[in-house]
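Undergrad: First, the structure itself, so that you have it in front of you.
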Amino acid sequence: GQQVMQIPQYQHVQEGEDFTTYCNSSTTLSNIQWYKQRPGGHPVFLIQLVKSGEVKKQKRLTFQFGEAKKNSSLHITATQTTDVGTYFCAGSGNAGNMLTFGGGTRLMVKP
Amino acid sequence: DSGVTQTPKHLITATGQRVTLRCSPRSGDLSVYWYQQSLDQGLQFLIQYYNGEERAKGNILERFSAQQFPDLHSELNLSSLELGDSALYFCASYRGNYGYTFGSGTRLTVV
């Protein structure tokens, strides 16, 4: 079955440093989505990428979808303490919109 | 409030018991997805319903079952509970390019 791997599992950064998490799928995806889960909270949808090579930005967050539609990345510029949480990528490979989630990257930011 | 309602928020029960978790999707959404999140783990897909019908099944144990009712709310039934079933159980509904909307989850503790 479809597998989605995400690295790193944990990342500690100093406030102001950049952060990147990478996501790789074992199969070609129809789309990839990114979610953020704050400690004690539920996952919250950030963005969806659909096109090969697509790049989208949300303020300090940049999302990329690979040319082969099997990998993706999330880059945060100049992290802030409000960025703390676990970032999940989730890929969909079928019409049922069932998502396979990566294991997540837990971001910790030191003020 | 995400619009997806899950009850109860917390549940403590003994091994061998049976519990029912309830989810009401966002108004107008026909789909319900159930996910399990163990401590510091990713989100494991359990089962999907769409307008009352089962659409997809993930790694759901035979001791677990679910259904979606005509009013579109869904129930996840967990029986013969084991210590390892302790986890956060999320339901989500889906609406096009806006990704999954998750409920706040039910934290199940089996003692």
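The values are calculated or read from the model by the stated rules, or taken from the named source; none is laboratory data. Since this is a predicted model, take the numbers as computed values, not measurements. Cβ: placed from backbone, ideal geometry, glycine included. Neighbour counts: every protein chain shown.
Undergrad: Take the residues in segment A:47-69 that are of a type outside the set (Gly, Ala, Ser) and assigned to a loop (DSSP other than H, G, I, E, B); name whichever of them is farthest from the other protein chains (Cβ to nearest Cβ).
TA: Applying the first criterion (of a type outside the set (Gly, Ala, Ser)) to segment A:47-69 yields A:47-51, A:54-65, A:67, A:69.
Imposing the further condition that a residue be assigned to a loop (DSSP other than H, G, I, E, B) reduces the set to A:50-51, A:54, A:59-60, A:67, A:69.
Numbers: A:50: 8, A:51: 13, A:54: 13, A:59: 18, A:60: 20, A:67: 21, A:69: 17 Å.
The extreme case among them is A:67.
Undergrad: Sort out for me the strands (runs of 3 or more DSSP E) sitting completely within segment B:1-87 that have 3 or more residues that are touching a Ser or Thr at 6+ places or on another chain (Cβ under 8 Å) and in contact (Cβ under 8 Å) with a residue 12 or more places away in the chain. Write out each step before concluding.
TA: Details: elements: B:5-7, B:10-13, B:19-24, B:31-37, B:43-50, B:53-57, B:64-68, B:74-78.
Those strands (runs of 3 or more DSSP E) span B:5-7, B:10-13, B:19-24, B:31-37, B:43-50, B:64-68, B:74-78.
Undergrad: Every residue in segment A:1-44 that is farther than 19 Å from residue A:84 by Cα, of a type in the set (Ser, Thr, Tyr) and assigned to a strand (DSSP E or B), please. Walk me through it before giving the result.
TA: Quick first cut of segment A:1-44, residues farther than 19 Å from residue A:84 by Cα only: A:1-5, A:24-32.
Among the residues that remain, those that are also of a type in the set (Ser, Thr, Tyr) are: A:25-28, A:30.
Answer for segment A:1-44, where residues must be farther than 19 Å from residue A:84 by Cα, of a type in the set (Ser, Thr, Tyr) and assigned to a strand (DSSP E or B): just A:25.
Undergrad: Also, quick follow-up: Could you tell me whether residue B:21 is within 11 Å of another protein chain (Cβ to nearest Cβ) and within 25 Å of residue A:40 (Cα to Cα)? Write out each step before concluding.
TA: Working: within 11 Å of another protein chain (Cβ to nearest Cβ): no; within 25 Å of residue A:40 (Cα to Cα): yes.
No.
Undergrad: Does residue B:62 satisfy being within 14 Å of chain A (Cβ to nearest Cβ), at pLDDT 95 or above and out of contact with any Gly (no Cβ under 9 Å at 6 or more places or on another chain)?
TA: Numbers: within 14 Å of chain A (Cβ to nearest Cβ): no; at pLDDT 95 or above: yes; out of contact with any Gly (no Cβ under 9 Å at 6 or more places or on another chain): yes.
In short, no.
Undergrad: Identify all residues within segment B:35-59 that are out of contact with any helix residue (DSSP H, G or I) (no Cβ under 9 Å at 6 or more places or on another chain), small (Gly, Ala, Ser) and either under 17 Å from residue B:78 (Cβ atoms) or facing chain A (nearest Cβ under 8 Å) (or both); write none if there are none.
TA: Residues satisfying the conditions are B:42, B:56, B:58.
Undergrad: For residue A:44, all conditions in the list (1) over 25 Å from residue B:4 (Cα atoms); (2) within 14 Å of chain B (Cβ to nearest Cβ); (3) without any contact (Cβ under 8 Å) to a residue 40 or more places away in the chain; (4) surrounded by fewer than 19 Cβ atoms within 10 Å (Cβ to Cβ) hold save one; what is the number of the exception?
TA: (1)
Undergrad: Could you look through segment B:80-111, keep only residues that are surrounded by fewer than 16 Cβ atoms within 10 Å (Cβ to Cβ) and within 8 Å of chain A (Cβ to nearest Cβ), and pick out the one that is modelled with the lowest pLDDT?
TA: First pass over segment B:80-111, keeping only residues surrounded by fewer than 16 Cβ atoms within 10 Å (Cβ to Cβ): B:80, B:82-84, B:96-98, B:109, B:111.
This time we only want the ones that are within 8 Å of chain A (Cβ to nearest Cβ), so: B:97-98.
On the way: B:97: 75, B:98: 82.
For segment B:80-111, the residue satisfying everything is B:97.
Undergrad: In this structure, does residue A:91 turn out to be closer than 22 Å to residue B:38 by Cα, at pLDDT below 95 and outside any loop (DSSP other than H, G, I, E, B)? I'd like the intermediate steps shown before the answer.
TA: Values: closer than 22 Å to residue B:38 by Cα: yes; at pLDDT below 95: yes; outside any loop (DSSP other than H, G, I, E, B): yes.
Yes.
Undergrad: Among the residues in segment A:70-82, are any within 14 Å of chain B (Cβ to nearest Cβ), surrounded by 14 or more Cβ atoms within 10 Å (Cβ to Cβ) and either modelled with pLDDT under 95 or not in a strand (DSSP E or B) (or both)?
TA: No, segment A:70-82 has no match at all.
Undergrad: Quick check: anything in segment A:50-66 touching a residue at least 40 places away in the same chain (Cβ under 8 Å) and among the hydrophobic types (A, V, I, L, M, F, W, C)?
TA: Of the residues in segment A:50-66, the ones touching a residue at least 40 places away in the same chain (Cβ under 8 Å) are none.
No: segment A:50-66 contains no residue that is touching a residue at least 40 places away in the same chain (Cβ under 8 Å) and among the hydrophobic types (A, V, I, L, M, F, W, C).
Undergrad: Need the failing condition index for residue A:12 against (1) surrounded by 14 or more Cβ atoms within 10 Å (Cβ to Cβ); (2) modelled with pLDDT of 95 or more, just the number.
TA: (1)
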